[in-house]
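This report concerns only the one structure given below.
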Amino acid sequence: MDALPDPEVAAPRVVGVDEYATRKGRHYGTVLIDIETRRPIDLLPDREASSLAAWLAARPGVEVICRDRAPFFAEGATVGAPQAVQVADRWHLWHNVSEAAERAVAQHRRCLRALVTADPDPEPAPEKDTSGSPWPTGHRFADRTRARHADVHALLEAGHSRRSVQRQLGMTWRTVKQLAEAKVPEELFTGQWQNRPTVLDDYKPYLDDRWNEGCTNAWKRGKRSCRSATRAATSASAPTCTRSALPHDR
C-alpha cells in the first residue's frame, strides 16, 4: 500500500485560502481547499504572501480565490493569480458583520439608552418583607435556601431517610443534616453578609459613572487588582470597568 502513487487531483478552479495553527499564537501555516469538491489540496508551512503567490503561479487554472481579509493572503493572491477573482467566504462575512454591529452598539450605548421609553405597564414592585427576617425576599441565595429547606422537609415528612434525601436531591450529607435540623430556613443565616465590606465599596460611585459612560470591559488589562474588583463587582451585581479607569491608578 505504501508503494501506491498518490491519486491524481484535478487542477482546482475555485480555491479557498485560510490559515491554520500548529501552535496557536506562535506557528501558523496556510491551508488550501478545493471549494467545488470541499477537499483540502495542500498545506503551506507558513502564511507568507510569497508562499501563496508561488503556489498559485504554478496553477494558472485558478479562476476564483475565496479568502479572509488578511493582507498577506490578499497580496499573495494578487501576485500569484492576477487573473483570478478574489471573494470573501460566508463565515468571514458574517463574522465581520457581527463584530461591526457589536462595536456600533457599544459606541452608541448612551444614545440607545436615551431612546428607551418608559414601560406603560410597569411591573409592580415586590412587597417589602416585614416579617423581620434578615433574609430579603427575592434574593437568589435566600430563595434557593428556602426552596432546598422545603424540599428536604417534604421528603422527610413523606418517610424518606436522610440518605435517601441526599441521593434524590444530589446534596452532601452535611447540607441535608443542616437543612433537616433547621425548623425554619432563617436558622441557617447569620445576617453577616448583608453589610459585609468588600474591596469595591470605595469605587462603587465612580464605577457607576464609568458604566453609564459606556465603559463595560474589565478584562483588557489582567492585573490582579482589576480581577479582584471585577469578582467583587459581579458578586455585588455592580458595574465593572477597566483598570486604567480606577482612581488610584491615575
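Read-outs throughout are calculated quantities, based only on the coordinates presented, and are distinct from any laboratory measurement. Just so you know, these numbers come straight off a predicted model, no measurement behind them. Cβ atoms come from the backbone with ideal geometry, glycine included; neighbour counts cover every protein chain shown.
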Distance between modelled label sites at R174 and R110, nm, 7 Å Cα→Cβ extension: 5.0 nm
Zone of Y28's modelled label, taken as backbone nitrogen in segment 66-109 under 12 Å from a point 7 Å along Cα→Cβ: 68-74
Label point distance in nm, L43-D143, each placed 7 Å from Cα along Cα→Cβ: 5.2 nm
Amide H contacts under 5 Å for D89, placed H, 5+ residues apart: R67
Percentage relative contact order, segment 42-88, counting C-alpha pairs under 8 Å, at least six apart: 45 percent
Theoretical FRET efficiency, 1/(1+(r/R0)^6), r = Cβ-Cβ of D201 and E157, R0 51 Å, to 0.05: 0.70
Solvent-free Debye scattering, log10 I(q)/I(0), computed from the Cα coordinates of segment 6-83 at q = 0.10, 0.14, 0.23 Å⁻¹: -0.21, -0.41, -1.07
